[in-house]
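Derivation of every value follows stated rules applied to the coordinates shown; laboratory data play no part. Please read these numbers as outputs of a predicted model, since none were measured by experiment. Here Cβ is always computed from backbone atoms with ideal geometry, including for glycine, and neighbour counts include all displayed protein chains.
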């Protein structure tokens, strides 16, 4: 599948896909391709006005629902109000290298939005998911370190890039641990992960520092566009025989660009003891205990 593209997305008629953060960037481009292939796409967005504007640019069946991953009460409302089976959940929304701030529940913003919000959402929607969960990670997971005793940067001096790396490593470890639990339960549900490589999106404009200017230049000169960056997500969400536990990324130099394919991940991401401990910590912090249903 060296040349895999949106033309290879199978017919998705009759399937429902939830995409978080679908109002811009990779989420929007993934939603565009999924809807064009026949799926009913739920655009789960913090700002519903932006979500409606994004949905108006799509062809196919869509709906917009409010979801603020930085507020667990919003996550709970979204899950309670979504009264339909979900074939695929795409945990896409995220923040990168933002200044230190806290979610509504007191979590460090990046771990709270990128990981804990998606952990809670997955747990609450899991009884209705029929096929797979796709969780977005990043090349930057390789700089991450999971500090179980200070996941929310309450004791350490906050470092925005290391906080981002921790959050994306947590996403990847969650995807792997969820697959381990599917297998242990004898479930045919699948958990897979993806990363976009280096794609030009608005993630690179939120550090609040001079870095924004340099990254804006790099977006124009070096990065692939958001549509290309969405291809690993689409591959992970739609390839029919993709095994659970697969991590998908660009196949080009340094996994920064190119057609999507299964890729490897840093050694820390495969630490089973930390995977399990992180899961337990996430359950305690979010109040969401994930029971894996059997889908045979």
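When a footprinting reagent is the concern and you count Cβ atoms within 10 Å, what order do 11, 131 take, fewest first?
Listing 11, 131 from fewest to most nearby Cβ atoms yields 11, 131.
Quote the FRET efficiency, to the nearest 0.05, computed for residue 143 versus residue 100 with a Förster distance R0 of 25 Å and r equal to the Cβ-Cβ distance. Spell out each step's value before the answer.
Numbers: r = 18 Å, r/R0 = 0.71.
Efficiency, from the Cβ-Cβ distance: 0.90.
Any idea how far apart residue 3 and residue 241 come out in nm if each label point goes 7 Å out from Cα toward Cβ?
2.1 nm
If you project the alpha carbons of the chain onto the principal axes, what extent comes out on each, in Å, largest first?
49, 46, 37
May I ask you to compute the full-extension gain from residue 49 to residue 65, defined as 0.36 nm times their residue separation minus their alpha-carbon distance, rounded to one decimal in nm?
4.7 nm
Sorting check: for 66-73, 140-147, which peptide has the highest mean count of neighbouring beta carbons within 10 Å, and how do the rest follow?
66-73, 140-147
Rounded to the nearest 5, what % of the DSSP beta bridges within the chain are antiparallel ones? Present the calculation step by step, with values, prior to reporting the outcome.
Values: 4 of 31 bridges.
The antiparallel fraction comes to roughly 15 percent.
I want to check the label-to-label distance for residue 225 and residue 272. Put each point 7 Å from Cα in the C-beta direction and report it in nm to one decimal.
4.5 nm
Quickly work out the residue 188-to-residue 56 label distance, labels modelled 7 Å from Cα along the C-beta direction, and quote it in nm with one decimal.
Result: 4.2 nm between the two label points.
Which whole-number percentage describes the relative contact order of the stretch 9-286, with Cα contacts under 8 Å and a sequence gap of 6 or more?
18 percent
Using a Gaussian network for the chain with springs between C-alpha atoms less than 10 Å apart, which of these wobbles most: 36, 184, 282?
184
Please list, in order, the residues from the stretch 227-254 whose amide nitrogen is less than 15 Å from a point placed 7 Å along the Cα→Cβ vector of residue 36.
Once the point is set 7 Å along Cα→Cβ of residue 36, 227-235 turn out to lie under 15 Å by backbone N, inside the stretch 227-254.
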